Amino acid sequence: MGISKVSGVITRKSTSLVALSALVLFIVFTATVLPIQSEKAREQSGESSPDMSFLITVDELYAIAESYGQDGRNAYVLARFTFDLVWPIVYTLFLTSSISWLFSKSFDNDSSLQNANLVPVIGLALDYLENISASIVMLRYPMRTPLMDILAVLFTPMKWVFVGGSFIVVLIGIVKYGMTRVMGIHPFKL
């Protein structure tokens with residue numbers, strides 16, 4: 001299945017009800033589950049987390065692994081395969097449905113910008129790849145894990161670019177939707 005077809009399927013599934021439900025789920029999850037998980041992570045692993053930094057070096061990754069201790073490393077890995085399996089799905093559902101709904105209402109159906117709803121999906125994939133590679137490093141510590149350690153530090157900023165970029169895409173969709181649908185202004189045709 002091609003990129004445009006995948007994007008089209010997501011757009012067709014992103015009805016007003018789906019987009020609104022995903023927004024509510026995102027808000028509820030962010031307001032309730034996320035703070036609890038953040039506090040739990042701080043208690044078990046300390047203040048620093050490799051996946052919360054934009055840029056991290058391999059040496060910093062191993063320094064964090066050392067500072068966690070065995071219990072902290074175990075807690076880190078457990079969180080990556082429990083909470084961090086669900087959270088990316090929640091934010092990706094919100095982002096993809098929001099972008100799909102907004103762009104379907106604001107841009108021509110044949111516009112290549114309709115494929116922007118795949119930006120969060122790339123962020124989701126990078127988040128999972130980051131979690132897997134960093135978890136392997138944590139599980140094998142104190143042994144060095146060449147390649148996995150490099151991948152972990154590469155996937156982290158890439159994830160943030162795509163996830164953060166997705167929120168920017170949502171804002172672009174909101175502005176374009178507001179200009180075309182609410183105010184009747186057509187500032188550009190893409």
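The values are calculated or read from the model by the stated rules, or taken from the named source; none is laboratory data. Computed from a predicted structure; not experimentally measured. Neighbour counts are summed over all protein chains in view; Cβ atoms, including those assigned to glycine, are modelled from backbone coordinates with ideal geometry.
Just a few scattered comments:
- Scanning segment 35-69 for residues that are closer than 18 Å to PHE83 by Cβ and touching a Gly at 6+ places or on another chain (Cβ under 7 Å) yields GLN44, SER45, GLY46, TYR68.
- When SER38 is tested against (1) in contact (Cβ under 8 Å) with a residue 24 or more places away in the chain; (2) of a type in the set (Gly, Ala, Ser); (3) surrounded by 11 or more Cβ atoms within 10 Å (Cβ to Cβ), exactly one condition is not met: (1).
- Among the residues of segment 120-144, those identified as over 30 Å from SER97 (Cα atoms) and crowded, with 21+ Cβ neighbours inside 10 Å are VAL137, MET138.
- Contact map, segment 6-26: first residue free of Cβ contacts under 8 Å to residues at least 40 places away in the same chain, second residue part of a helix (DSSP H, G or I) and loosely packed, with under 15 Cβ neighbours inside 10 Å, Cβ cut-off under 6 Å, separation 6 or more or different chains; the map is empty.
- Enumeration of residues in segment 45-88 that are hydrophobic (A, V, I, L, M, F, W, C), assigned to a helix (DSSP H, G or I) and surrounded by fewer than 15 Cβ atoms within 10 Å (Cβ to Cβ): MET52, ALA63, LEU78, LEU85, VAL86
- Condition broken by ASP110, with the remaining ones in (1) touching a residue at least 24 places away in the same chain (Cβ under 8 Å); (2) of a type in the set (D, E, K, R); (3) within 27 Å of SER4 (Cα to Cα) satisfied: (1)
- Complete set of residues in segment 118-162 that are without any contact (Cβ under 8 Å) to a residue 12 or more places away in the chain and part of a loop (DSSP other than H, G, I, E, B): MET143, THR145, PRO146, LEU147
- Among residues that are within 20 Å of the chain's Cα centre (by Cα), at pLDDT 95 or above and either loosely packed, with under 13 Cβ neighbours inside 10 Å or of a type in the set (S, T, N, Q) (or both), THR15 is not included.
- Total residues in segment 101-117 satisfying the condition of being out of contact with any helix residue (DSSP H, G or I) (no Cβ under 9 Å at 6 or more places or on another chain) and either within 23 Å of LYS159 (Cα to Cα) or part of a helix (DSSP H, G or I) (or both): the figure is 0.
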